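Heads up, the thing below is written out as structure tokens.
Readers should treat all values here as calculations from the given coordinates under stated rules, not as data from a laboratory. Predicted, not measured: the structure shown is a model, and the values here were computed from it. Cβ coordinates were reconstructed from backbone atoms using ideal geometry, including for glycine residues, and neighbour counts include every protein chain displayed.
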Amino acid sequence: MHVIKASGLYKRYGNTVAVNNISFTVERGVIFGFLGPNGAGKSTTQRILTGVTKPDAGVVEIASYNLSRQPLKAREVAGVVPEMANVYVDLSAWENLMFVGEVYGVGKKKRAERAAAMLEVFGLFEKRHLRAKGFSKGMKQRLLLCMALMGDPEVLFLDEPTSGLDVQSTLIIRELIRDYNRQGKTIFLTTHNIEEANQLCDLVAIINRGELIVVDRPENLRKTFTSLQTVEVAFQPQFISPDLLKKTDVTKRFKKQGDKYIFYTEHPGQVIFSITELCRSEGVDILSLQTLRPSLENVFLDVTGKLNESGGKENDR
Ligand SMILES: Nc1ncnc2c1ncn2[C@@H]1O[C@H](COP(=O)(O)OP(=O)(O)OP(=O)(O)O)[C@@H](O)[C@H]1O
Ligand SMILES: [Mg+2]
């Protein structure tokens, strides 16, 4: 059964098509990653899914409720951490939670129980009576997540929940997301952090310039892109002329990255063979050589057309 169903979502701002005919479904209990570069349309999509922005076209169903026809029902089952959200800074952590709990219609006793339990888990219990004004960014973000969870939502929408946080806060938040998911809840996670998507998500949708390019498991994405296997070589002497490298027949694409050369290929064995031949004939030594399977990062850069821009010199033949 799906908890989110988006059909033909479209949203334009002036001449910018922020969301261009996007459709997808998210099954119950899944962590669904919504991954894309800056300006791709991620936040606009999340705002449409959570009823904050009205799409120009398209239909959203949340837990089988039609968002435009049954907005209250649909929003009741959703918890949201929007982009650039803020807590009520003049209220304490405790007051923030009581306020949101009331909005969600959680009874007084339940509110207090839930807030106390969550603040404990989120490491904020000791500071519950301090004004949120004095909270660090990581503490505020944790409090926001607590607030989104106050209504015990069926589905949790998070827009870049770990953006700008340090490693420790990031790890805490990721673990909380996993914990919540273990209770059978569905998570819609907007992020531009590929590693975050890789570590957390059952399914990843890649969006670019308003269009949904692909939806698949991270591992399938890697498998599909066999042309993105890489052979990474450091030569001694360090620099090899591109003309010489082009002589390695099997290598379709390569680039210099730091003090190494990266070769993209479907056939790493053949590339290694050619490189070895080249080195032997030119009297060049190999300092290090390793083969790597496609990273989600390379898949992402490739499908968003950014692989060739990602630093170093790229040579397409
Ligand atoms: N309220 C708005 N008014 C005008 N243009 C907007 C508005 N909201 C979004 N846009 C435009 O729509 C496009 C998509 O923006 P959106 O915020 O959805 O991207 P994003 O993927 O969330 O990017 P980021 O990673 O930077 O958060 C951008 O070109 C943006 O300028
Ligand atoms: Mg955004």
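Things worth noting here:
- The Rg/Rh ratio for the chain, using Cα coordinates for both the radius of gyration and the Kirkwood hydrodynamic radius, is 1.09.
- 29 Å Cα-Cα reach of K256 towards lysines, excluding residues that sit fewer than 8 places from it in its own chain: K223, K246, K247, K306, K313
- The equivalent ellipsoid that matches the C-alpha gyration tensor of the stretch 1-109 spans semi-axes of 27, 18, 13 angstrom, in descending order.
- For the chain, a crude dipole built from +1 on the beta carbon of Lys and Arg and -1 on the beta carbon of Asp and Glu, taken about the Cα centre, is about 860 debye to the nearest 20.
- Summed over qualifying helices (DSSP H, 4 residues or more, each -39500 (n - 2.57)) and divided by its residue number, the chain shows a 222 nm mean residue ellipticity of -10000 deg cm²/dmol.
- Between the listed residues G138, F254, Q199, the Cα displaced farthest toward the positive end of the dipole of the chain, a dipole computed from Cβ unit charges relative to the Cα centre, is found at G138.
- Applying the criteria of a DSSP loop state and at most 12 other Cβ atoms within 10 Å to the chymotrypsin sites (Phe, Trp or Tyr not before Pro) of the stretch 195-250 yields F239.
- The stretch 76-164, dipole about Cα centre (Lys/Arg Cβ +1, Asp/Glu Cβ -1), debye to the nearest 20: 420 debye
- With eigenvalues of the C-alpha gyration tensor scaled by 5 and rooted, the stretch 223-316, Å: 22, 14, 11
- Of the DSSP H helices in the chain, those with a Cα length along their own long axis of 15 Å or more and a mean Kyte-Doolittle hydropathy reaching -1.0 comprise 93-103, 108-121, 137-149, 167-182, 268-282.
- Of all beta bridges that DSSP places with both ends in the chain, some 70 percent have antiparallel geometry.
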